[in-house]
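Quick notes on the structure that follows.
The values are calculated or read from the model by the stated rules, or taken from the named source; none is laboratory data. None of these values were measured; they are calculated from a predicted model. Cβ: placed from backbone, ideal geometry, glycine included. Neighbour counts: every protein chain shown.
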Amino acid sequence: MPDIVTIGEALVEVMRTELDRPLNRPAPLVGPYPSGAPAIYCSAAARLGASTGFVGTVGKDPFGDCITSRLAADGVDISGVREHEDLLTGIAFVAYASDGSRSFCFHMAQAAASQVDWEQIPDGYLDDVRYLHVMGSALSSSESMRQACYEAARQVNANGGTVTLDPNLRPELMPPDQIRAVCQPVLDVAGIVLPSGEELTALTGAATPEAGAEHLLANGIELVALKRGADGCMLYTADEVVSIGAYQVQEVDPTGAGDCFDAALIVGLGEGWPLATAGLFANAVGGLATTKRGPMEGAPFRDVVLAFMADQGRPLPTSEGL
């Protein structure tokens, strides 16, 4: 059984080929690329050497094959993936602006991606899971998926595993002011939260990300990993605050970078690395993830990450950490 599991949406992504081409008018598109934040996370963690499993639903169509073939090739266990006979695989259309922002148009609610439920998780699948990763996008997709995430989080926590949460706000799926309520049952049992600054304030109601981190720590969260994009990350625990700068890369496509960061941080922590070492590694993986078009395409293998870190002149993980 896998050590790291996530439950959620699997979809393909189709994107604009040029900046500042909104989705409300004709312009070139490219794709499909396998996507869905939980699926990206599992792919990235598997490429870094972890034992991972993904629970989700695709359509019985070429887009579904695109996703499952990629996950299987990366070594992800897909025994919890179901093929829906009647609904098409979910699709996300993405446009990029020159200011770095993105806009999405999701085909999710009426697609196979939202049709995830507790019954499709294999018996005993969660018994020995070390990390269950839950994302706000999955909690926003459907009631059945949300309840499956809640029950899985309760079971993994009861079994001694660690529940991790990425709020992953998607206003196209659920208004930000509602995400706090749907995330709360996961927060009640979570040990690690991995938000952006905007997500952290939305999740806690705090005025600043720093205050939001303090709020979560005061309420039982062990680690808050604040993702800051080009500014790196801040890692907050009850005992320390670690600031780690970003790596310099040529960004091509930022979609999926946060999911890859999440995966790398959890892989490092799962291998017993010091917090700063895991954070340094996660920044490298998140940076590399932006260098190729397609949300999974930039997810690097471990040897590529280490070579990149050496080329950048940044300290490599120590022998103790690696």
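Taking the listed residues 181, 225, 148, the one that is at pLDDT 95 or above, assigned to a helix (DSSP H, G or I) and of a type outside the set (Val, Ile, Thr) is 148, with no other qualifying.
Scanning region 188-207 for residues that are at pLDDT 95 or above and either farther than 26 Å from residue 284 by Cβ or among the hydrophobic types (A, V, I, L, M, F, W, C) (or both) gives 188, 189, 190, 192, 193, 194.
The single condition among (1) modelled with pLDDT of 95 or more; (2) in contact with a strand residue (DSSP E or B) (Cβ under 6 Å, 6 or more places away or on another chain) that residue 108 does not meet is (1). For region 27-41, the criterion of being surrounded by fewer than 15 Cβ atoms within 10 Å (Cβ to Cβ) and assigned to a strand (DSSP E or B) is satisfied by at least one residue.
Return yes or no: is residue 97 at pLDDT 95 or above, among the hydrophobic types (A, V, I, L, M, F, W, C) and either touching a Lys or Arg at 6+ places or on another chain (Cβ under 7 Å) or on the phi < 0 side of the Ramachandran plot (or both)? The answer is no for residue 97. Applying a threshold of 8 Å to beta carbon distances and a minimum spacing of six or more residues, or different chains, the list of pairs starting in region 73-92 at a residue that is within 7 Å of residue 59 (Cα to Cα) and modelled with pLDDT of 95 or more and ending at one that is assigned to a strand (DSSP E or B) and of a type in the set (A, V, I, L, M) reads 83/58; 84/58; 89/11; 89/12; 89/58.
Here's the yes/no breakdown for (1) under 23 Å from residue 104 (Cβ atoms); (2) assigned to a helix (DSSP H, G or I); (3) modelled with pLDDT of 95 or more; (4) of a type outside the set (A, V, I, L, M):
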site: 235; (1), (2), (3), (4): no, no, yes, no
site: 255; (1), (2), (3), (4): yes, no, no, yes
site: 261; (1), (2), (3), (4): yes, yes, yes, yes
site: 264; (1), (2), (3), (4): no, yes, yes, no
site: 294; (1), (2), (3), (4): yes, no, no, yes
site: 313; (1), (2), (3), (4): no, no, no, yes
site: 322; (1), (2), (3), (4): no, no, no, no
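Taking every residue in region 36-65 that is farther than 11 Å from residue 133 by Cβ and pairing it with any residue that is among the basic types (Lys, Arg) and surrounded by fewer than 24 Cβ atoms within 10 Å (Cβ to Cβ), at least 6 positions away or on another chain, the pairs with Cβ-Cβ distances below 8 Å are 43/70; 47/302; 48/302; 49/302; 56/82; 57/82; 58/82.
Remark: pairs (first residue in region 1-15, in contact (Cβ under 8 Å) with a residue 60 or more places away in the chain and part of a loop (DSSP other than H, G, I, E, B); second residue acidic (Asp, Glu) and surrounded by fewer than 24 Cβ atoms within 10 Å (Cβ to Cβ); Cβ separation under 9 Å; 6+ apart in sequence or on different chains) = 1/77; 1/127; 1/128; 2/77; 2/128; 3/128.
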